[in-house]
Amino acid sequence: MADSRPIHPVTVKGFWIDATEVTNRQFAAFVEETDYVTVAEKPPRPEDFPGAPPENLVAGSIVFTPPSTPVPLGNHLQWWRYVPGANWRHPLGPESSIEGHEDFPVVHVAFEDAEAYATWAGKRIPTEAEWEFAARGGLAGSLYPWGDEFRPESRWMANTWQGQFPVENTAEDGFAGIAPVGQFPANGYGLYDVSGNVWEWCADWYRPDTYAEQVAGRLQTDDPRGPPTSFDPQEPGIPKRVQRGGSFLCTEQYCSRYILGTRGKGEVSSGCNHVGFRCVRDAE
């Protein structure tokens, strides 16, 4: 993709990274100890949405809702819906629950929620460079964490979308939605689900020209921390952080960002049911 070019080398310092995405069980322990309330559990503030009817300012989050019939893929609003009452405890809406899903990755976490958990755990959110270095598992230049073939020997290696997007996920990989962590083979560094399952927050601000700026020498390539500000020409003025890894919704029909070199982005105060995170800490 254009925002992932030019391809270039960077260096990172030593760090430790979680083997899996943070799970509902782990996040629940954090909430129980701290009484933390996530962004999705709070009603939106009127000053952030001037002119919005008061009845629309209710706590909730964004949930993938497949249409009943095939639709053109040019408008993603056809399969995303703001659901009142959706949050990390109720991933699909107020009638849903994480009971029995304790080992699934926590979702509906805004960037500040992920940061709060990481701080509590004595860790931090990885930089984009750290995330990619770890996700590659030693295979520099490969398309996927396991090599260059998407399904080696016809084996499913990640939780992605099969079937016609966004109408039907045939679940040929064993999962029609999010999977518990660690259901697919680990990469060379022992990390699970760095392709597919849920997107993962990174610490860097998103800009489409970050790599060009690094190659030009205007941003560092030695342990890079990203640009000082965010800018997305598709939505100017809306601050976004980088997301990496793709999710169970990724498919070559629409979004093939389970490919390692690709980048995603997310508005910092928003969560949804296919975005989670994992943490890092500096090597001692």
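The values are calculated or read from the model by the stated rules, or taken from the named source; none is laboratory data. Here the structure is a predicted model, which is why all the values come from computation and not from measurement. We place every Cβ from the backbone using ideal geometry, glycine too, and count neighbours over all the protein chains shown.
Among the residues examined, residue 156 does not qualify as part of a helix (DSSP H, G or I), closer than 16 Å to residue 192 by Cβ and touching a residue at least 12 places away in the same chain (Cβ under 8 Å). The single condition from (1) in a loop (DSSP other than H, G, I, E, B); (2) at pLDDT below 95; (3) of a type in the set (Asp, Glu) that residue 103 fails is (2).
For residue 167, the test of being touching a strand residue (DSSP E or B) at 6+ places or on another chain (Cβ under 8 Å), in a loop (DSSP other than H, G, I, E, B) and at negative phi is failed. Residue check: is residue 222 of a type outside the set (A, V, I, L, M), touching a residue at least 12 places away in the same chain (Cβ under 8 Å) and in contact with a Lys or Arg (Cβ under 6 Å, 6 or more places away or on another chain)? Taking the combined requirement at face value, the residue does not satisfy it.
The combined condition, being aliphatic (A, V, I, L, M), touching a Leu at 6+ places or on another chain (Cβ under 7 Å) and at pLDDT 95 or above, is not fulfilled by residue 29.
Results for (1) of a type in the set (Lys, Arg); (2) assigned to a loop (DSSP other than H, G, I, E, B); (3) modelled with pLDDT of 95 or more, shown as yes or no for each residue.
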site	(1), (2), (3)
119	no, no, yes
141	no, yes, no
175	no, yes, yes
188	no, yes, yes
214	no, no, yes
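Looking at region 4-91, the strands (runs of 3 or more DSSP E) lying wholly inside it that each contain 1 or more residues that are touching a Lys or Arg at 6+ places or on another chain (Cβ under 8 Å), more than 29 Å from residue 281 (Cα to Cα) and not aromatic (Phe, Trp, Tyr) sit at 60-64.
When the residues of region 59-76 are narrowed to those that are under 17 Å from residue 271 (Cβ atoms) and in contact with a Phe, Trp or Tyr (Cβ under 7 Å, 6 or more places away or on another chain), which ends up surrounded by the fewest Cβ atoms within 10 Å (Cβ to Cβ)?
Here the answer is 65.
Taking the criterion of being of a type outside the set (Lys, Arg) and surrounded by fewer than 16 Cβ atoms within 10 Å (Cβ to Cβ), the residues of region 139-161 that qualify are 140, 141, 147, 148, 149, 152, 153, 154. If you go through region 226-263 and keep only what is under 18 Å from the mean Cα position of the chain (by Cα) and either over 28 Å from residue 146 (Cβ atoms) or not in a loop (DSSP other than H, G, I, E, B) (or both), you end up with 230, 232, 238, 239, 240, 241, 242, 243, 244, 251, 255.
Against the numbered list (1) more than 26 Å from residue 241 (Cα to Cα); (2) in contact (Cβ under 8 Å) with a residue 60 or more places away in the chain; (3) crowded, with 21+ Cβ neighbours inside 10 Å, residue 173 comes up short only at (2).
Within region 1-59, how many residues turn out to be of a type in the set (S, T, N, Q) and within 19 Å of the chain's Cα centre (by Cα)?
Selection size over region 1-59: 6.
Residue count for region 228-284 satisfying the condition of being surrounded by fewer than 18 Cβ atoms within 10 Å (Cβ to Cβ), closer than 22 Å to residue 159 by Cβ and free of Cβ contacts under 8 Å to residues at least 24 places away in the same chain: 2.
No other residue among 79, 88 is surrounded by 12 or more Cβ atoms within 10 Å (Cβ to Cβ) and closer than 24 Å to residue 202 by Cβ apart from 88.
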